[in-house]
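Everything on this sheet refers to the single structure shown next.
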Amino acid sequence: MRYASALELHPALLDACRERIKQAEASGGAARRSQSCLVIVGRGTTDPDANSQVSKLARMLEEGLGFGASFVCYSGTARPGVAEGLNAAARLGFPRLVVLPFFLFTGVLVKRIFAAAETLRRERPDLEVLTCNYLGLHAAVTDLLLSRADESMEGRATMNCGLCKYRVQIVGYEAEVGHPQQAHHLHVRAKGGEEAAGPSPGGHFHAPSTPQPYTPHPIE
């Protein structure tokens, strides 16, 4: 068994997010990005470092793409939850929300995001709510997966645990240093016991390190 690095906020994922956003905008009205609030919905875990990656993604896309604002919420165990977050974003006063699930593929949690967006759309007919697709089989994502696999076979996996609550003392989580890491998937189950599918691209483990360059794909 060989460990590979987490996908994290790699430039390839930013490219994929940009394309999913553009696809959603193409189906909408005439509102400009400066009049839109980008809502990023992450998986949500009990690890604050993993959750913070979603906030970083939101800020990078807000500034990089020229959105008027961004808002972060979660479909799993972190707060605010997706319905609560969408309603809070709707109160910011922008005529359009662009909702992006930061997930690799569909599942219980992604369906929850789409359902919450549809509910808000019905309750607020004055507000345009656009939903982006999850990342899925995007060329940039598949290339990154192959790159991570190559790194693991060559012993070049990078470490992503500088702020891991199990490794160092983090404010509010001091007592958890040195504890075994617990899977958070057990917190969220579908009806009938089905485990919630649709992971986010983040992850945490301990391994040594050297980041590799990325050549972006042109977006048509």
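Two decimals is fine: what is log10 I(q)/I(0) at q = 0.13, 0.14, 0.19 Å⁻¹ for the stretch 50-159, from a Debye sum with one equal scatterer on every Cα and no solvent? After summing over all Cα pairs, the log10 values are -0.57, -0.65, -1.07.
Distance from the Cα centroid of the stretch 89-138 to that of the stretch 1-52 is 12 Å (rounded to whole angstrom). Shape verdict for the stretch 32-71, please, from the Cα gyration tensor: rounded (a/c under 1.5), prolate (a/b greater than b/c) or oblate. The shape class here is prolate. Put a dot 7 Å past the Cα of Q35, heading toward its Cβ, do the same for T106, and the two dots end up 3.2 nm apart. When you count the other C-beta atoms within 10 angstrom of each residue and take the mean per peptide, 2-10, 27-35, 106-114 line up highest first as 106-114, 2-10, 27-35. Working note: Cα gyration tensor of the stretch 1-40, eigenvalues times five, square-rooted, sorted largest first, giving semi-axes of 31, 10, 7 Å. Taking packing as the residue-averaged number of other Cβ atoms within 10 angstrom, the listed peptides 52-61, 116-125 run from highest to lowest as 52-61, 116-125. With the simple model of a label 7 Å out from the Cα in the direction of the Cβ, E63 to H179 spans 3.4 nm. The Rg/Rh ratio for the stretch 70-123 is 0.94, where Rg is the radius of gyration of the alpha carbons and Rh is the Kirkwood radius. A cut-off of 5 Å between modelled amide H atoms, ignoring neighbours fewer than 5 places along the same chain, links T131 with V99. Peptides 12-21, 128-137 ranked from most to least packed by the mean count of surrounding Cβ atoms within 10 Å: 12-21, 128-137. Given a 1.4 angstrom probe, I'd like the percentage of the accessible area of the stretch 11-92 that is carbon and sulfur, rounded to a whole number. Carbon and sulfur atoms account for 49 percent of the accessible area of the stretch 11-92. Both numbers refer to the Cα atoms of the stretch 1-96; Rg and Dmax are 14.3, 51 Å. Length available on full extension from Q23 to L146: 0.36 nm per residue minus the Cα-Cα distance, which gives 41.8 nm.
The values are calculated or read from the model by the stated rules, or taken from the named source; none is laboratory data. What you are looking at is a predicted structure, and each value in this text was computed from that prediction instead of being measured. Note that each Cβ is placed from the backbone with ideal geometry, even for glycine, and that neighbours are counted across all protein chains shown. Heavy atoms of the whole protein, side chains included, go into the accessibility calculation; ligands, DNA and RNA do not. Shrake-Rupley method; radii C 1.70, N 1.55, O 1.52, S 1.80 Å.
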